[in-house]
1. Please report Glu64, Glu218 as a ranked list, fewest other C-beta atoms within 10 angstrom at the top and most at the bottom.
2. Kindly give the semi-axes, whole Å and largest first, of the ellipsoid equivalent to the range 4-301, taking each as the square root of 5 times a Cα gyration tensor eigenvalue.
3. What is the mean projected area of the alpha carbon convex hull for the range 177-304, to one decimal in square nanometres?
4. Calculate how many DSSP beta bridges within the chain are antiparallel, expressed in % of all such bridges and rounded to the nearest 5.
5. For every other residue with a beta carbon closer than 15 angstrom to the beta carbon of Ile217, add +1 if it is Lys or Arg and -1 if Asp or Glu, then tell me the sum.
6. Which of Leu78, Ser207, Gln10 sits closest to the plus end of the dipole of the chain, meaning its Cα is farthest towards the positive end, when Lys and Arg get +1 and Asp and Glu get -1 on the C-beta?
7. Excluding residues on the same chain fewer than 8 positions from Lys254, give the lysines whose Cα lies under 26 Å from its Cα.
8. Specify the residue with the greatest mean-square fluctuation among Gly291, Gly36, Gly155, computed from a Gaussian network of the chain linking alpha-carbon atoms under 10 Å apart.
Amino acid sequence: MLFEATGRTQIDARGEPVYHAKDRAAYRHVNAHDVGNGLVVLDRPTSGVVMDDVRVDGGYRVIENTGIDRAAARVVGLRVSNVTATNLRRGFARIRYDSRDGVFSDVTASGVLTTGAHDLPCGIAIADDASDFRFERCTMRGFQWKRNDHQYWNGDGFSAERGNRRLVFRACAAWDNSDGGFDLKASDSMLDDCISGRNARNYRLWSSINASRLTSIEPNKVGGIGDTVHFALMGAKAPAGAPIVIRIAHLVVKSARGWPIFDVHDGPVRIIIDSHDIQVPAGTQLVRPRGKGSVPGGITWGGTPPKL
């Protein structure tokens, strides 16, 4: 069955979800305002759903993947392209279950400062066992959660949980989020020419990852008790104590303030950097161990190490 929203559809959702997708549904040329929990709701197993040329201003979340009556709602082959969404209270997309083989391209989304007790904001959130998703030229900006000063202010641009696998972020960007720009626990994933700036932690990495060119610009803490760093590396807690491995072909770090570059938590981390362009104040800490965090043998440099 094919559903196609065509023309230039104008929707005032008044805080309600809009489309409940079925197999091979296509949503194109849509302008929507004040959407609820999903302009497109993926609440049953589907394949081949397409969203293209969509504009959303105001609302809770643009794509929601939660099954009816707690049933699984696996999504296969989702294609999302040419979407701009602004003033979102919760996030752009949440993908769950064992969904796979999705592509998001040319998506720009921005959030608003959220104050609800349970509405943790995140631009793109990948959970459960989802795998083999690719994100190309996607920008997530301003997903912030205002809480009390003594609390942790979450709010990520991109988030992937343990159990996710083989995610690719290519030419993606995260700006002005209250916690992590890229907060990734997924395994076998790649960051390819990505930039993250003005987040409390520009990159928060929990598992081994390969990266081509990574750029970190001036971390910035909006509020709360979290750290402010370029890279927060969450070392392995496995019984064997094997380190996670962070490989970066070219590292770019630029900051007017001396925020630590690598904050290493919880266990050993191996860091391999082939080349670099680091412009930070003199005396900036290259590696700051936290708790049991360590970099055994130090960072492996492909060329001359930086002088900080």
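1. Working: Glu64 23, Glu218 17.
Least crowded to most crowded, the residues run Glu218, Glu64.
2. On the way: eigenvalues 227, 79, 58 Å².
That gives 34, 20, 17 Å for the three semi-axes.
3. Values: hull surface 29.9 nm².
Average of the hull's projected areas for the range 177-304 equals 7.5 nm².
4. Counting DSSP beta bridges with both partners in the chain, the antiparallel share is about 0 percent.
5. Working: positive: Arg141, Arg198, Arg201, Arg213, Lys221, Lys254, Arg257; negative: Asp176, Asp193, Glu218, Asp277.
Around Ile217, the surrounding residues sum to +3.
6. It is Ser207.
7. Lys185, Lys221, Lys307
8. Largest GNM mean-square fluctuation: Gly291.
Values in this text are rule-based calculations from the coordinates and carry no lab data. On a predicted model such as this, the values are computed, not experimentally measured, just so you know. Cβ: placed from backbone, ideal geometry, glycine included. Neighbour counts: every protein chain shown.
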